[in-house]
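Quick notes on the structure that follows.
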Amino acid sequence: MPARPSWIPYALIAPSVVFLAALFLVPLVQTIWLSVSAGDGLSLENYRRMAGDLNFALAVKNTFLLTLVVVPLQVVLALGMATMVTKLDKGRDLVLWVLTIPLGISDLAAGLAWLALLQNTGYLNSALYALGLIQGPTGWLSQETPVALFFAIVLAELWRATAIVLVILIAGLQLIPKEFAEAAEIFGAKPWTRFTRITLPLLKPSLQSALILRTVLAFEVFAVVYALGGRNFPVLAGEAYVWQNDNQNYGVAAAYAVLIMAISLAATAVYLRVLRTRPEQLP
Amino acid sequence: MADIVIDRVVKEFGSFRALQEVSLTVNDGEFVALLGPSGCGKTTLLRIIAGLETQTSGRVVIGGQDVSHLSPRKRGLAMVFQNYAVFPHMTVFENVAFGLRMQKAAAADVKRKVERAAALLHIESYLDRYPAKLSGGQRQRVAVARALAVEPAVLLMDEPLSNLDALLRLEMRTELKAVLREAGTTTIYVTHDQTEAMGLADRIAVMYGGKIDQIGSPLEIYATPATRFVGGFIGSPPMNFIKVRCSQGTARIGDAALPCPVTAESLELGLRGEDASLSADGSGLPFDVRVVEPMGSHLLLTGAIDGQLARIVAPPTAEVTAGERVGLTVDPARVTWIDSTTGRALARA
């Protein structure tokens, strides 16, 4: 093969580098810059205002609580669903297609759909009323019912975003040769042992990808929460939105954005470390 | 220790019949090879014995117990897979120990048995390593050690040497034979390689088209093939088949005459290349030599007998040139007569 000029690989990746720099790096630097500039110099004033805000502690707590409840549930659900889907002989593609429909729906639309189900005059109340379980329109999403509101948001998030974990795990499961499970079975492993001793460890790289993706997205949760609870359930991204649009204070909004990014990076670092697969343990 | 009885096992995949009423008995401690070309059903049969596939009908009995509908882990067997299936996320020690751990063996017991199996397969020095750091041959040893560590009554092997290079395969074959002889395990070994089957097995079951064509010792299978397929599949070069006319108990080819059974309309003479020798005076079966290939240990002669392709093995020093017609002496006791219509060998006279 004739030697190619050495600049060709660089020229080929240049468009994506320019794209990323223009639309990702520049805004990132600007956001960080915005968050640390107040008045006429560098200061942490924006971060002070953010931390001193009435809703800040609540938003941090809610965001973490939601992430800690939603992400593990999604992984467990997706593992179960993926195991079942891969066992299907017929109609596997159809089932997978149906299960992934929520991925095609925008998160705001998903939030609104669940609002239609759960609001005072929604389908849930109509059904409960018809069954005689409630006397009239009952609020589930108000400030007075924080637990119900929390579970409504968890439910909507599970419905909306479990499929992305499912897709990643199914791809991962298909990479594991079936001989491993067969060998384990021959040597006496029961189904649960096969799952914990063979499938899960071999699925670790996929689990890591799925967890990083879902956790980062969970820390950014906004539209579903906003549609169902408004500011009754403050979360970090929602607070950034409020400071940006309602308070017109871009500096504090930027501080929130930087905080979310820092949390996401920290979570990613933890996953990369805890779920790392040593090269010699790769198949 | 246990014997295995396979009783009229049928396996259908949709409308395709992969196994047609296969029956086979493997005695306690015996080593039986299932030999056949790809697609003959040998691996399917092995997987049915293991319980990894379910037979459409028929029974599998191991050690007197009908295991036809038991899950693999309840059948008391071990298996070595074609691509080893050594667990990549466990050390060699944990791989070999896997079956013992599943039996909840005591730690000291596990250690003792793992070390014994490791010593048998010469992998003691890799016990702390992960399989990715091992060569193909070493992984193969781990897979065999894992199977032997549980001291199984029955050992199933699915083309265990086919992923190794030729030299290593020869070495492992010899070693396997010694190790398994010592262990005394009842073994079923699937292979498409006749030299492996001949070298390792006490008996060989030759499979073709979802059936067992012949079961017998390596020598029996070689010397007295039961079908045209077995004769052609076993031996290198394969058996020659020459169509002949048999009248009144005698088949004439050129000026040679061989006694033949008269029961069949159309007959084929099955002749092994090494069972014919060059006659000193050119008499006997006329053989037109077309190509002479010196193989070192022998000369491989390719040519025609009565216009039909044949390969003959001659001593390395024989003076034969291409284009020549030579005469072959054939011992009538060492030929096989095949009924062309059924492809089955006829009873020897």
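Table for the structure above
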item: Matching option when the condition is touching a helix residue (DSSP H, G or I) at 6+ places or on another chain (Cβ under 6 Å), away from chain B (no Cβ under 14 Å) and either of a type in the set (D, E, K, R) or buried (at least 18 other Cβ atoms within 10 Å of the Cβ) (or both), among A:L203, A:L228; result: A:L228
item: When residues of the stretch B:283-299 are limited to those that are surrounded by fewer than 13 Cβ atoms within 10 Å (Cβ to Cβ) and free of Cβ contacts under 8 Å to residues at least 24 places away in the same chain, the one farthest from B:G273 (Cα to Cα); result: B:G296
item: Strands (runs of 3 or more DSSP E) contained entirely in the stretch B:137-220, each with at least 2 residues that are closer than 24 Å to B:S38 by Cβ and more than 14 Å from every other protein chain (Cβ to nearest Cβ); result: B:186-191, B:203-208, B:211-216
item: Among the candidates B:L219, B:L180, residue that is closer than 19 Å to B:R344 by Cα and surrounded by fewer than 22 Cβ atoms within 10 Å (Cβ to Cβ); result: B:L219
item: Scan of the stretch B:256-291 for residues that are of a type in the set (A, V, I, L, M, F, W, C) and assigned to a strand (DSSP E or B), ordered by number; result: B:A256, B:A257, B:L258, B:L267, B:L269, B:L271, B:A276, B:L278, B:L285, B:F287, B:V289, B:V291
item: Extreme residue, surrounded by the most Cβ atoms within 10 Å (Cβ to Cβ), among residues of the stretch B:123-162 that are over 22 Å from B:L77 (Cβ atoms) and within 23 Å of the chain's Cα centre (by Cα); result: B:G137
item: Matching residues in the stretch B:250-260 - criterion: being at pLDDT 80 or above and in contact with a strand residue (DSSP E or B) (Cβ under 7 Å, 6 or more places away or on another chain); result: B:T250, B:A251, B:I253, B:A256, B:A257, B:L258, B:P259, B:C260
item: Of residues in the stretch A:1-27 being surrounded by 10 or more Cβ atoms within 10 Å (Cβ to Cβ) and small (G, A, S), the one farthest from A:M261 (Cα to Cα); result: A:A14
item: Restricting the stretch A:31-42 to residues that are over 25 Å from the mean Cα position of the chain (by Cα) and surrounded by 11 or more Cβ atoms within 10 Å (Cβ to Cβ), the residue that is farthest from A:L265 (Cα to Cα); result: A:A38
item: Residue check, B:A257 surrounded by fewer than 16 Cβ atoms within 10 Å (Cβ to Cβ), over 30 Å from B:L45 (Cβ atoms) and not assigned by TED's automatic domain parsing to the domain that holds B:R8; result: yes
item: Selected residue [farther than 20 Å from A:V70 by Cα, part of a helix (DSSP H, G or I) and away from chain B (no Cβ under 14 Å)] from A:Q244, A:Q248; result: A:Q244
item: Only listed residue being within 30 Å of B:K133 (Cβ to Cβ) and either crowded, with 19+ Cβ neighbours inside 10 Å or within 14 Å of chain B (Cβ to nearest Cβ) (or both), chosen from A:T277, A:T215, A:T268; result: A:T277
item: In the stretch B:221-244, the residues that are in contact with a strand residue (DSSP E or B) (Cβ under 8 Å, 6 or more places away or on another chain) and assigned to a helix (DSSP H, G or I); result: B:I221, B:R228, B:F229, B:V230, B:G231, B:G232, B:F233
item: Of residues in the stretch B:65-100 being buried (at least 19 other Cβ atoms within 10 Å of the Cβ) and of a type in the set (K, R), the one nearest to the other protein chains (Cβ to nearest Cβ); result: B:R73
item: Any hit, the stretch B:40-54, residues being loosely packed, with under 15 Cβ neighbours inside 10 Å, within 14 Å of chain A (Cβ to nearest Cβ) and not in a helix (DSSP H, G or I); result: yes
item: Unmet requirement for B:H122, which otherwise passes all of (1) within 11 Å of chain A (Cβ to nearest Cβ); (2) part of a loop (DSSP other than H, G, I, E, B); result: (1)
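The values are calculated or read from the model by the stated rules, or taken from the named source; none is laboratory data. Computed from a prediction, not measured in an experiment: that's the story for all the values here. Because the Cβ atoms are built from the backbone with ideal geometry, glycine has one as well, and the counts that use them run over all protein chains shown.
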